[in-house]
1. Would you mind classifying the chain by shape? Square roots of the alpha carbon gyration tensor eigenvalues, ordered a ≥ b ≥ c; an a/c under 1.5 is rounded, otherwise it is prolate if a/b is larger than b/c and oblate if not.
2. Using amide H atoms built in the peptide plane, which far-off residues or other-chain residues are under 5 Å from Trp98 H to H?
3. In the stretch 161-225, what is the volume of the convex hull around the alpha carbon atoms, normalised per residue and reported in Å³?
4. Connecting C-alpha atoms closer than 10 Å in a GNM of the chain, tell me which of Gly210, Gly156, Gly84 has the biggest fluctuation.
5. Taking a probe of 1.4 Å, how large is the accessible area per residue of the stretch 112-189, in Å²?
6. Per 0.36 nm of contour for each residue apart, how much would the distance between Lys53 and Asp10 grow if the chain were fully extended, relative to their Cα-Cα spacing?
7. At q = 0.16, 0.23, 0.25 Å⁻¹, work out log10 I(q)/I(0) for the stretch 11-108 with the Debye formula, treating every Cα as an identical point scatterer and leaving solvent out; two decimals please.
8. Amide H of Arg15 versus every other amide H placed in the peptide plane: which residues, excluding those fewer than 5 positions away on the same chain, fall under 5 Å?
Amino acid sequence: MADDKDVLRDVWFGRIPACFTLSPEEITEREAEPYYLLLPRVSYLTLVTDKVKKHFLKVMKTEDVEEIWFEYEGSPLKWHYPTGVLFDLHASNTALPWNITVHFKNFPEHELLHCASNSVIEAHFMSCIKEADALKHKSQVINDMQKKDHKQLWMGLQNDKFDQFWAMNRKLMEYPTEEGGFRYIPFRIYQTMSERPFIQKLFRPVSPEGNPLTLGDLLKELFPAAICVEDEPKRYQVIIHGIEPLLETPIQWLSEHLSHPDNFLHISVIPAPSD
């Protein structure tokens, strides 16, 4: 893998300032102050919000507390999507901090998965990594790892330890030089305007003629509306980790450097803001 360690570090340490406010529907014994937190983009909301929960429990009675869930402007936030993806999809063109509403009642069963403990997050995270490696290496790399190696990946993410995580994740990013890239690129394209959770198909990083394929090539095949035609106003923004990469960027490079810890390249396509 190309050693652009600074890019990997910048991606890992990306943060979103957030302001958590208790929903006015919740019953409290006294007024609940908002809680401010810097959220790691690459983590999961339910993994980094223990402090938020403790903060609001101070003003609530035990009988008024059920399962915690989060919402932004009426949309329940899916904890199993990385936090950065949630922000890019729902709030990328709004002022910071990101205002998130906290609920302890009326869990939206049809929209969110339950998350009773960190082991649920770990199981989801590891299943994503296994799926990604099936696409990249026919599962050979992840199957060659021991259980403690899998644990190291998870603990690195859970405890925000860049070096611990990448010491193991490096292996998942390697490929034979003569192949020019992974077997297939693990990616997901999200959009708020669709009922589908995301688009995911088999896509090779290299053309049959051996040429590197780009982000633009991927979009042309799977989301052509996102490609801006000359002299036409821009309809969509294509966002990865809060930035709009050039469409000429090779998809293999993006997969190696801008994938989330789950080894997927998460691409958000949102309507371009109207000036």
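1. Oblate, because a/c is 1.5 or more while a/b does not exceed b/c.
2. Distant-sequence amide H within range of Trp98: Ala18, Cys19.
3. Dividing the Cα hull volume of the stretch 161-225 by its residue count gives 125 Å³.
4. Gly210
5. Spelled out: the 1.4 Å probe surface of the stretch 112-189, per residue, equals 49 Å².
6. Stretched fully, the Lys53-Asp10 segment lengthens by 12.7 nm.
7. -0.64, -1.27, -1.46
8. Counting only residues 5 or more places away or on other chains, the set is Arg41.
The values are calculated or read from the model by the stated rules, or taken from the named source; none is laboratory data. Keep in mind that this is a model prediction, so the values were computed, not measured. All Cβ positions, glycine included, derive from the backbone under ideal geometry; neighbour counts span all protein chains shown. SASA here: full protein model, heavy atoms, side chains in, ligands and nucleic acids out. Shrake-Rupley method; radii C 1.70, N 1.55, O 1.52, S 1.80 Å.
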